[in-house]
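The values are calculated or read from the model by the stated rules, or taken from the named source; none is laboratory data. Here the structure is a predicted model, which is why all the values come from computation and not from measurement. Neighbour counts are summed over all protein chains in view; Cβ atoms, including those assigned to glycine, are modelled from backbone coordinates with ideal geometry.
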Amino acid sequence: MKALVTGGNGFVGQLLVKKLLNNGNSVRLLSRSTSPITIDDVEIVIGDLTSDRDLSEIAIGCDVIFHCAGEIANQDKMFALNVEGTRKLIDAVHKGYTFDRKPKHWVQLSSVGAYGPSVTPGAERIVDELSDSKPVGTYEITKTLADEMIMESVNNIGMTYTILRPSNIVGTSMSNQSFFGLLKAIEKRRFFYVGSKKTISTYIHVDDVVDALIICSVNKKACNQIFNLSNDCNLSEIVDSISHHSGFNHNFLCVPEKPLRIFVGALSGFFRLPLTKNRIDSLVSRTTYPCTKIKDMLGFSPKKSIPEFSIEYSRYLNG
């Protein structure tokens, strides 16, 4: 197949492009970069989804659109790229379809953030694809709006879609500092549990995300579906893996949640603390994102164990 990829220079996009090429597909890459791009066998189109440049020909001849572009850091730019940029790409696909009349499948890289955080941090919560969308935060809201636009547009542009919603994506080349901070805290024996040791960690390895994106592009059962993707595990499994790898068996403390929240709340107005309200929420979270739907419909299950990856990543960080 011929695939159009946006965000192909990003964490997920780079690996996706390589996997597509290795599988014998041809790739057209939309890139904002004006510097030389050295990817063999890739058709590069310099363009910006936030600019006024006409991109009506960008998807002509393509079978699949992998929309992986997204602003994750600068809140001031999130609406422009995540929402208006998606709208511009939809319009471009529509205009292109009037020329080639070639059906296209749109695979959207989204986020489980669309479902929002737990109303009661620490309470058991199971989130599946039928759960209501209640995003909180600029990134989550803009990604959810983009998902809704795609679902609403399919009847007008000869297109089907799949929306893939991964949890926190990890890999050796990631920029996820929270995972880095977690492993370093364990290695230096500065880690502690909050509330209980039943916390759930919701991560997914980037290799599993790439494999799922590709399966969603070729399996007809994926058409017009939303899939969650997470390889949930107990936080204690990651802690134990790193502890054993580092050569010690440490019985980490479990700090009561309520006094800690009061303490952090009282000092946060005066000091910049490494522990924030959101971080405490994640350290007590018992939310899970089962992969039941993607397993039952497409036969896909994550293969990369997060506790095992934590050891791999620790070795990578320590040379």
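For residues that are closer than 15 Å to Asp128 by Cβ and either among the β-branched types (Val, Ile, Thr) or more than 18 Å from the chain's Cα centre (by Cα) (or both), scanning just the stretch 280-294, find the one that is surrounded by the fewest Cβ atoms within 10 Å (Cβ to Cβ).
Thr292
Output the number of the condition that Phe191 fails; it satisfies all remaining conditions of (1) in a loop (DSSP other than H, G, I, E, B); (2) touching a strand residue (DSSP E or B) at 6+ places or on another chain (Cβ under 9 Å); (3) buried (at least 18 other Cβ atoms within 10 Å of the Cβ).
Status for Phe191: all satisfied but (2).
Tally the residues that are within 20 Å of Asp232 (Cβ to Cβ) and touching a residue at least 24 places away in the same chain (Cβ under 8 Å), restricting the search to the stretch 116-158.
Final tally of qualifying residues: 13.
State whether one or more residues within the stretch 284-299 are assigned to a helix (DSSP H, G or I) and without any contact (Cβ under 8 Å) to a residue 24 or more places away in the chain.
Checking the stretch 284-299: at least one residue is assigned to a helix (DSSP H, G or I) and without any contact (Cβ under 8 Å) to a residue 24 or more places away in the chain.
Of the residues in the stretch 151-183, how many are in a helix (DSSP H, G or I) and not acidic (Asp, Glu)?
Matching residues across the stretch 151-183 total 12.
In the stretch 91-108, what count of residues is obtained for those that are at pLDDT 95 or above and of a type in the set (A, V, I, L, M, F, W, C)?
2
Which of the residues that make up the stretch 75-112 are under 28 Å from Thr288 (Cα atoms), polar (S, T, N, Q) and more than 13 Å from the chain's Cα centre (by Cα)?
Those that are under 28 Å from Thr288 (Cα atoms), polar (S, T, N, Q) and more than 13 Å from the chain's Cα centre (by Cα): Gln75, Asn82.
Determine whether Leu229 is closer than 15 Å to Phe300 by Cβ and hydrophobic (A, V, I, L, M, F, W, C).
Yes: the conditions hold for Leu229.
Scan the stretch 95-109 and tell me whether some residue there is touching a residue at least 60 places away in the same chain (Cβ under 8 Å), out of contact with any helix residue (DSSP H, G or I) (no Cβ under 8 Å at 6 or more places or on another chain), buried (at least 18 other Cβ atoms within 10 Å of the Cβ) and closer than 30 Å to Ile200 by Cα.
So far as the stretch 95-109 goes, no, none of its residues is touching a residue at least 60 places away in the same chain (Cβ under 8 Å), out of contact with any helix residue (DSSP H, G or I) (no Cβ under 8 Å at 6 or more places or on another chain), buried (at least 18 other Cβ atoms within 10 Å of the Cβ) and closer than 30 Å to Ile200 by Cα.
Using the structure shown, decide if Thr199 is of a type in the set (S, T, N, Q), touching a helix residue (DSSP H, G or I) at 6+ places or on another chain (Cβ under 6 Å) and modelled with pLDDT under 95.
no
Restricting attention to the stretch 1-11, and to residues there that are of a type in the set (A, V, I, L, M, F, W, C) and crowded, with 23+ Cβ neighbours inside 10 Å, which single residue is farthest from Asn82 (Cα to Cα)?
Result: Ala3.
Working only within the stretch 19-41, note down all residues that are at pLDDT below 90, on the phi < 0 side of the Ramachandran plot and in contact with a strand residue (DSSP E or B) (Cβ under 9 Å, 6 or more places away or on another chain).
Residues satisfying the conditions are Ser31, Arg32, Ser33, Thr34, Ile37, Ile39.
Restricting to the stretch 36-60, give me the number of residues that are assigned to a loop (DSSP other than H, G, I, E, B) and either out of contact with any Ser or Thr (no Cβ under 8 Å at 6 or more places or on another chain) or of a type in the set (S, T, N, Q) (or both).
16
Identify all residues within the stretch 169-196 that are under 14 Å from the mean Cα position of the chain (by Cα) and without any contact (Cβ under 8 Å) to a residue 60 or more places away in the chain; write none if there are none.
Of everything in the stretch 169-196, just one residue is under 14 Å from the mean Cα position of the chain (by Cα) and without any contact (Cβ under 8 Å) to a residue 60 or more places away in the chain, namely Asn176.
Would you point out which residue out of Val239, Val218 is touching a residue at least 12 places away in the same chain (Cβ under 8 Å), of a type in the set (Val, Ile, Thr), under 19 Å from Phe191 (Cβ atoms) and out of contact with any strand residue (DSSP E or B) (no Cβ under 7 Å at 6 or more places or on another chain)?
Only one candidate passes the filter, namely Val239.
Being hydrophobic (A, V, I, L, M, F, W, C) and in a loop (DSSP other than H, G, I, E, B) is the filter here; which residues of the stretch 300-319 pass it?
Phe300
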